[in-house]
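The values are calculated or read from the model by the stated rules, or taken from the named source; none is laboratory data. Keep in mind that this is a model prediction, so the values were computed, not measured. Positions of Cβ are generated from backbone atoms using ideal geometry, with glycine treated the same way; all protein chains shown enter the neighbour counts. Note: areas computed on protein heavy atoms with side chains; ligands, DNA, RNA excluded. Shrake-Rupley method; radii C 1.70, N 1.55, O 1.52, S 1.80 Å.
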Amino acid sequence: MNTVFEMRDNYTCEDLLEIMRILRGEKGCPWDREQDHKSIRNDFLEEVYEVIDAIDNDDVDGLKEELGDVLLQVVFHSQIETEGGSFNFDDVCDGICKKLILRHPHVFGEVEAKTSAKVKENWDAIKKVEKGQATATETLRSVPKAFPALMRSKKVQSRAAKAGMDFKDIAEVMKSLESELEELKEAMESGSKAECEEELGDLLFSVVNISRFLKVDAEESLAKSCDKFIDRFEKSEKLAEEKGVDMKKATESELDMLWNEAKKRI
């Protein structure tokens, strides 16, 4: 027997909450009832990335749809906790409203902040008090480990810099990069996979430091390099086909020739 639900032309957030209650209910969907926070964790992450993709592609219709998918995830997780009796969707809304009011004392209070830099400074100070972070180390440890590694590295470095732990200029950062590269070479010569992993991580961490000093986002830079590589690979593949070259059997010099020609044509 189908659950009674009033169909309409337009729905609201309250309808979304009711639909989720029905799906998780006794007469709802078996799949939805089986889920918990961890089982749909990756779904949440994927939906957020799809929102970013819509933004990057200036896809307004796609953005509207993907924001709906993210909202569904928020409602889904909230409903799971509603059933457990810890909090509900209204509590989530209440929490974020209180946070926004507290962290904008220049709007809802008497504090003055006439620049974005001052707003950010106040935000960070209030956040530190809210979370009971007494030391700079605690602010570093609070950066989520689930972040993409490049993003996490930038956050950690930025917070360390605010505490005074930073290079004086980019020249010093470049020296550090060169040092880490030499250490990676030594690790490679030792044949130790563990050492290679450690030194490679240090090298990447130094690269993020460079991006921070250049005020360039490392995550975005790497993403653009991936796109550039794909475009050049596509052109190389087409050139290989035109020249009758089997890329799988081609020599290193033949592949270099294709790649360099592709670079010139793009």
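So which residues in region 141-177 are open to solvent by less than 50 Å² (accessible area, probe 1.4 Å), of a type outside the set (V, I, T) and either part of a helix (DSSP H, G or I) or touching a Phe, Trp or Tyr at 6+ places or on another chain (Cβ under 6 Å) (or both), if there are any at all? L150, S153, Q157, S158, A160, A161, S176, L177 - these are the residues of region 141-177 that are open to solvent by less than 50 Å² (accessible area, probe 1.4 Å), of a type outside the set (V, I, T) and either part of a helix (DSSP H, G or I) or touching a Phe, Trp or Tyr at 6+ places or on another chain (Cβ under 6 Å) (or both).
Taken over region 68-81, the criterion of being in contact (Cβ under 8 Å) with a residue 24 or more places away in the chain and either open to solvent by 30 Å² or more (accessible area, probe 1.4 Å) or hydrophobic (A, V, I, L, M, F, W, C) (or both) is satisfied by V70, L71, L72, V75, F76, H77, I80. With respect to being over 21 Å from E220 (Cβ atoms), in a helix (DSSP H, G or I) and of a type in the set (F, W, Y), F44 fits the description. In region 1-24, the qualifying residues are those that are charged (D, E, K, R) and either within 30 Å of the chain's Cα centre (by Cα) or assigned to a helix (DSSP H, G or I) (or both), and the one that is surrounded by the fewest Cβ atoms within 10 Å (Cβ to Cβ) is E14.
What residue, of D58, D90, D94, D53, is over 19 Å from the mean Cα position of the chain (by Cα), farther than 16 Å from M20 by Cβ and either in a loop (DSSP other than H, G, I, E, B) or among the acidic types (D, E) (or both)? Working first, answer last.
Values: D58 fails: over 19 Å from the mean Cα position of the chain (by Cα); D90 fails: farther than 16 Å from M20 by Cβ; D53 fails: over 19 Å from the mean Cα position of the chain (by Cα).
Just one listed residue meets the conditions, D94.
Mind telling me which of the residues H37, H77 ends up being in contact with a His (Cβ under 7 Å, 6 or more places away or on another chain) and either in a helix (DSSP H, G or I) or of a type in the set (V, I, T) (or both)? Result: H77 is the single residue among H37, H77 that is in contact with a His (Cβ under 7 Å, 6 or more places away or on another chain) and either in a helix (DSSP H, G or I) or of a type in the set (V, I, T) (or both). Restricting region 178-202 to residues that are under 24 Å from K155 (Cα atoms) and of a type in the set (D, E), the residue that is most open to solvent (accessible area, probe 1.4 Å) is E197. The numbered conditions (1) open to solvent by 70 Å² or more (accessible area, probe 1.4 Å); (2) in contact with a helix residue (DSSP H, G or I) (Cβ under 7 Å, 6 or more places away or on another chain); (3) closer than 28 Å to L45 by Cβ are all true for E112 except (3).
Here F213, F205 are screened, and the one residue that is of a type in the set (F, W, Y), in a helix (DSSP H, G or I) and open to solvent by 70 Å² or more (accessible area, probe 1.4 Å) is F205. Taking the listed residues K27, K64, the one that is surrounded by fewer than 16 Cβ atoms within 10 Å (Cβ to Cβ), farther than 22 Å from E220 by Cα, under 27 Å from the mean Cα position of the chain (by Cα) and of a type outside the set (S, T, Y) is K64, with no other qualifying.
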